[in-house]
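Participant: Here it is, the structure, as structure tokens.
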Amino acid sequence: MNQFTEIIEMIKSSEKIAVLVHENPDGDAAGSLIAMTEGLHLLGKEVKGYLENIPSNCGFLFPDERISLLEEYNGEAFDLCIVLDCGDIQRTGLGSKVYENSKKSVCMDHHMTNTGFANLNYIDAKASATGEIVFEFFEEFGLVINERMATAMYSAIISDTGRFKNSNTTQKTFEIASKLMAFPMDITKIAYHMFLETSLERTLFLGNLLSHLKLYLDGKVGVLVASEEEIKKYGISHSELDGMVEYARNIKGVEVGIFVKEMNGGFKVSLRSNGKVDVAEVAQKFNGGGHKFAAGCKFADVSADEVVRLLVSEFED
Ligand SMILES: [Mn+2]
């Protein structure tokens, strides 16, 4: 793994910098992206951030004049591409075009499955969120952190720690949050937007989804399946489906929650463990990845029933 000092040197020797995050971005990806682009701008760099879409719970952090949607990318070249919160280059989706048009690359991430694909890689699997790493990076060199960056990094951290309750939350997480609290942030408003605010459509979709909940392996595995047809019927976006898996995982007696969502003719699966079972291990068997207690994978050319059968049989062992 490379050090921050090598990364800051590469940044200093670059003029035009692009910043990318993983496809289907979450609060950590969006928050880290905003903080990094803003911070590099304050360093005097010509910086552009890209993301696939604005996560439904992160609308309050946008618009951002330096960040645009990947579909708007015009093919311009960059001296450096910084990839955040992303374990492999495929996960940047359309962002791989930006990556290919950049001379050098840096990755900062906290996924233990990170492939080390960039020229310089800073991977800290103990960091609760990439937002933590971004904060440490700016702090290490005494770079300017403004209120906007603080709000974005705090949002990133509460997103991946589930408001400081997930097992990835550490003493350092609270130390960083404490330093961010020095900025005038409205933490009540941030938590409302990130976790509580919902749409009527999503609420009605959830009611339908939960009515089809299935339990397997003596109630230790809870499974929720959302078909593309239902997602369309209720008119909700894919990012609004983030967190649905927790409704399965939170049931008393359930050790693993599984959320299967149909997407582009295939299936995207979220796996959440309540702290006993390593779900990353299972995700990796299906070419996915993630963290020990929060992971995901994708399936193609199989039915939803087959996806569930394959996953449940893995957990049986
Ligand atoms: Mn993350």
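The values are calculated or read from the model by the stated rules, or taken from the named source; none is laboratory data. Values in this document were obtained by computation on a predicted structure and should not be read as measured data. Positions of Cβ are generated from backbone atoms using ideal geometry, with glycine treated the same way; all protein chains shown enter the neighbour counts. Note: areas computed on protein heavy atoms with side chains; ligands, DNA, RNA excluded. Shrake-Rupley method; radii C 1.70, N 1.55, O 1.52, S 1.80 Å.
Quick grid of which residues meet (1) assigned to a helix (DSSP H, G or I); (2) charged (D, E, K, R):
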position	(1), (2)
157	yes, no
166	no, no
174	yes, no
179	yes, yes
190	yes, no
194	yes, no
207	yes, no
218	no, yes
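Participant: Is it the case that residue 77 is within 16 Å of the ligand (Cβ to nearest atom), open to solvent by 30 Å² or more (accessible area, probe 1.4 Å) and in the same structural domain as residue 42 (by TED's automatic domain parsing)?
Facilitator: no
Participant: Look through the stretch 80-91, keep the residues that are away from the ligand (no atom under 14 Å from the Cβ) and among the β-branched types (Val, Ile, Thr), and return whichever of them is surrounded by the most Cβ atoms within 10 Å (Cβ to Cβ).
Facilitator: Once the filter is applied, the top-ranked residue is 82.
Participant: If we scan the stretch 189-198, do we find a residue that is of a type in the set (A, V, I, L, M), open to solvent by 50 Å² or more (accessible area, probe 1.4 Å) and over 15 Å from residue 243 (Cα atoms)?
Facilitator: No: zero hits.
Participant: Got a sec? Which of 74, 101, 2 is over 15 Å from the mean Cα position of the chain (by Cα), within 23 Å of residue 128 (Cα to Cα) and of a type outside the set (D, E, K, R)?
Facilitator: Testing whether each residue is over 15 Å from the mean Cα position of the chain (by Cα), within 23 Å of residue 128 (Cα to Cα) and of a type outside the set (D, E, K, R) leaves just 2.
Participant: While we're looking at this one, here's another question. Name the pairs: first residue in the stretch 178-196 and within 23 Å of residue 139 (Cβ to Cβ), second residue surrounded by fewer than 15 Cβ atoms within 10 Å (Cβ to Cβ), Cβ to Cβ under 7 Å, at least 6 apart or on different chains?
Facilitator: 183/147; 184/147
Participant: If you don't mind, there's one more thing I want to ask. Is it the case that residue 172 is open to solvent by 60 Å² or more (accessible area, probe 1.4 Å), within 16 Å of the ligand (Cβ to nearest atom) and either out of contact with any helix residue (DSSP H, G or I) (no Cβ under 9 Å at 6 or more places or on another chain) or assigned by TED's automatic domain parsing to the domain that holds residue 262 (or both)?
Facilitator: For residue 172, the condition - open to solvent by 60 Å² or more (accessible area, probe 1.4 Å), within 16 Å of the ligand (Cβ to nearest atom) and either out of contact with any helix residue (DSSP H, G or I) (no Cβ under 9 Å at 6 or more places or on another chain) or assigned by TED's automatic domain parsing to the domain that holds residue 262 (or both) - is not met.
Participant: Inside the stretch 5-60, can you point out the residues that are more than 16 Å from the ligand (Cβ to nearest atom), more than 17 Å from residue 99 (Cβ to Cβ) and under 22 Å from the mean Cα position of the chain (by Cα)?
Facilitator: Answer for the stretch 5-60, where residues must be more than 16 Å from the ligand (Cβ to nearest atom), more than 17 Å from residue 99 (Cβ to Cβ) and under 22 Å from the mean Cα position of the chain (by Cα): 38, 39, 53, 54, 56, 59, 60.
Participant: Answer yes or no as to whether residue 93 is assigned by TED's automatic domain parsing to the domain that holds residue 168, at pLDDT 95 or above and under 14 Å from the mean Cα position of the chain (by Cα).
Facilitator: yes
Participant: Give 88, 28, 109, 124 a once-over and let me know the one that is in contact with a His (Cβ under 6 Å, 6 or more places away or on another chain) and within 23 Å of residue 288 (Cα to Cα).
Facilitator: Unique residue meeting the criteria: 124.
Participant: So, in the stretch 104-144, of the ones that are open to solvent by 60 Å² or more (accessible area, probe 1.4 Å), of a type in the set (D, E, K, R) and without any contact (Cβ under 8 Å) to a residue 60 or more places away in the chain, which residue ends up farthest from residue 45 (Cα to Cα)?
Facilitator: So the residue we want is 126.
Participant: Within the stretch 91-112, how many residues turn out to be touching a helix residue (DSSP H, G or I) at 6+ places or on another chain (Cβ under 7 Å) and polar (S, T, N, Q)?
Facilitator: Result for the stretch 91-112: 3.
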